Amino acid sequence: MKYHVDGELVPADEATVSVEDRGFQYGDAAFETMRAYGGSIFEWQAHAERLAGSCETLGIDHGLDDAELRERVDDTLAANDLDDAYVKLSISRGVQEGKLTPRPDADPTVVVIVKELPRGGVEGADVWDEPATVQTTKTRRVPDNAIPADAKTHNYLNGILARRELVADADEALLRDADGNVAEGAASNVFLVGEDGVHTPSLDGPVLPGITREVVIELADEADIPVYTGSYAPDDLRNAEEAFLTNTTWELRPIESVDGIEIGGGPVTTLLSRLFDERVERRHYDDG
């Protein structure tokens, strides 16, 4: 395997960053997890815009435009002869000796790593083996006015602490906000289905604006399935007719149970999963 580090493709076992890099020292870095289907990135522009927003929030001026970043991603996929892959693009503030306060000048560290994934789309395979088992954790989501939820940064301690609470058979941690309402999974967005349509926590709360989350909302709208955003108690999720998680790697993953209470997928989850696969197939594999 080869990774892309600061403009150069290097063997994975030689891909290193400085121990003085602020991304390592403080989590002072932004990243995007993306998925390549058929050799190209799904929803590249949305990922690029979110990455730019994260860097703006952190005040990291990396000096690279979207085309340059896309070229580094494409070069990394090509160097590893990968068409279907997990892709992580990270940008840190780089090395700055001294104190916690960042200097305005940045010498950013830019890294692209890739890993092979199964083919996606209509003829593809899920990366997960079973529907998700979800557990509500004591660890709460960091308030938006402490760490902005729309900034996808290397500081994932909140999710790590939540995942450490999981019992052996749980797949994902369910984090609540300061008021006790459902926020998101440690690495996923949450959807529940009721008689009136699909529901998901509002971005007014401490919720990452997931790319797959937005695609699912678009697909539901196109299929005339009502979508509602708001505040939901854990019991709303536990009592839902169907529920599922979304993220770039999992795509749509049905929730089998929450805190031992069975939920499962259903016709709406199945339909949205099929529509998602069809969009991927049409955009990335359909020669027509």
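The values are calculated or read from the model by the stated rules, or taken from the named source; none is laboratory data. Computed from a predicted model, the values in this text were never measured in an experiment. Quick reminder, even Gly has a Cβ in these numbers, built from the backbone with ideal geometry, and neighbours come from all protein chains shown. To get the accessible areas, we keep the full protein, side chains included, count just its heavy atoms, and leave off ligands, DNA and RNA. Shrake-Rupley method; radii C 1.70, N 1.55, O 1.52, S 1.80 Å.
Is it true that some residue in segment 226-234 is within 22 Å of the chain's Cα centre (by Cα) and open to solvent by less than 10 Å² (accessible area, probe 1.4 Å)?
So far as segment 226-234 goes, no, none of its residues is within 22 Å of the chain's Cα centre (by Cα) and open to solvent by less than 10 Å² (accessible area, probe 1.4 Å).
Quick check on this structure: which one of E43, E20, E32 is under 14 Å from the mean Cα position of the chain (by Cα), open to solvent by 10 Å² or more (accessible area, probe 1.4 Å) and touching a residue at least 24 places away in the same chain (Cβ under 8 Å)?
On inspection, the qualifying residue turns out to be E43.
Scanning for something under 23 Å from L208 (Cα atoms), among the small types (G, A, S), open to solvent by less than 50 Å² (accessible area, probe 1.4 Å) and part of a strand (DSSP E or B), does segment 46-55 turn up at least one residue?
No, there is no match, as no residue in segment 46-55 is under 23 Å from L208 (Cα atoms), among the small types (G, A, S), open to solvent by less than 50 Å² (accessible area, probe 1.4 Å) and part of a strand (DSSP E or B).
Suppose we filter segment 185-202 for residues that are in contact with a helix residue (DSSP H, G or I) (Cβ under 9 Å, 6 or more places away or on another chain) and either open to solvent by 20 Å² or more (accessible area, probe 1.4 Å) or small (G, A, S) (or both); how many remain?
So the answer is 7.
Do we have any residue at all in segment 252-262 that's under 26 Å from W44 (Cβ atoms) and assigned to a strand (DSSP E or B)?
The answer is yes, given that some residue of segment 252-262 is under 26 Å from W44 (Cβ atoms) and assigned to a strand (DSSP E or B).
Can you tell me how many residues within segment 87-102 are on the phi < 0 side of the Ramachandran plot and open to solvent by 40 Å² or more (accessible area, probe 1.4 Å)?
Qualifying residue count, segment 87-102: 7.
Residue-by-condition table, conditions (1) over 30 Å from I261 (Cα atoms); (2) open to solvent by 50 Å² or more (accessible area, probe 1.4 Å); (3) modelled with pLDDT under 95; (4) part of a loop (DSSP other than H, G, I, E, B):
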residue	(1), (2), (3), (4)
D75	yes, yes, no, no
P104	yes, yes, yes, yes
R119	yes, yes, no, yes
E130	no, yes, no, yes
Q135	no, no, no, no
R141	no, no, no, yes
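Is it fair to say I211 is crowded, with 21+ Cβ neighbours inside 10 Å and in contact with a His (Cβ under 7 Å, 6 or more places away or on another chain)?
Here the answer is yes, as I211 does meet what is asked.
Among the residues of segment 161-184, how many are touching a Pro at 6+ places or on another chain (Cβ under 8 Å) and either part of a strand (DSSP E or B) or open to solvent by 60 Å² or more (accessible area, probe 1.4 Å) (or both)?
Looking only at that region, the number is 6.
So is E256 among the charged types (D, E, K, R), open to solvent by less than 40 Å² (accessible area, probe 1.4 Å) and farther than 26 Å from G39 by Cβ or not?
no
Among the residues of segment 97-109, is there at least one that is of a type in the set (A, V, I, L, M) and within 20 Å of E43 (Cα to Cα)?
Looking through segment 97-109, none of the residues is of a type in the set (A, V, I, L, M) and within 20 Å of E43 (Cα to Cα).
Hey, D171 hits all of (1) within 17 Å of the chain's Cα centre (by Cα); (2) at positive phi but one; which does it fall short on?
(2)
Looking at segment 265-278, is at least one residue open to solvent by 20 Å² or more (accessible area, probe 1.4 Å), at pLDDT below 95 and either within 20 Å of V182 (Cα to Cα) or touching a Pro at 6+ places or on another chain (Cβ under 9 Å) (or both)?
Checked against the condition, which is being open to solvent by 20 Å² or more (accessible area, probe 1.4 Å), at pLDDT below 95 and either within 20 Å of V182 (Cα to Cα) or touching a Pro at 6+ places or on another chain (Cβ under 9 Å) (or both), segment 265-278 yields at least one hit.
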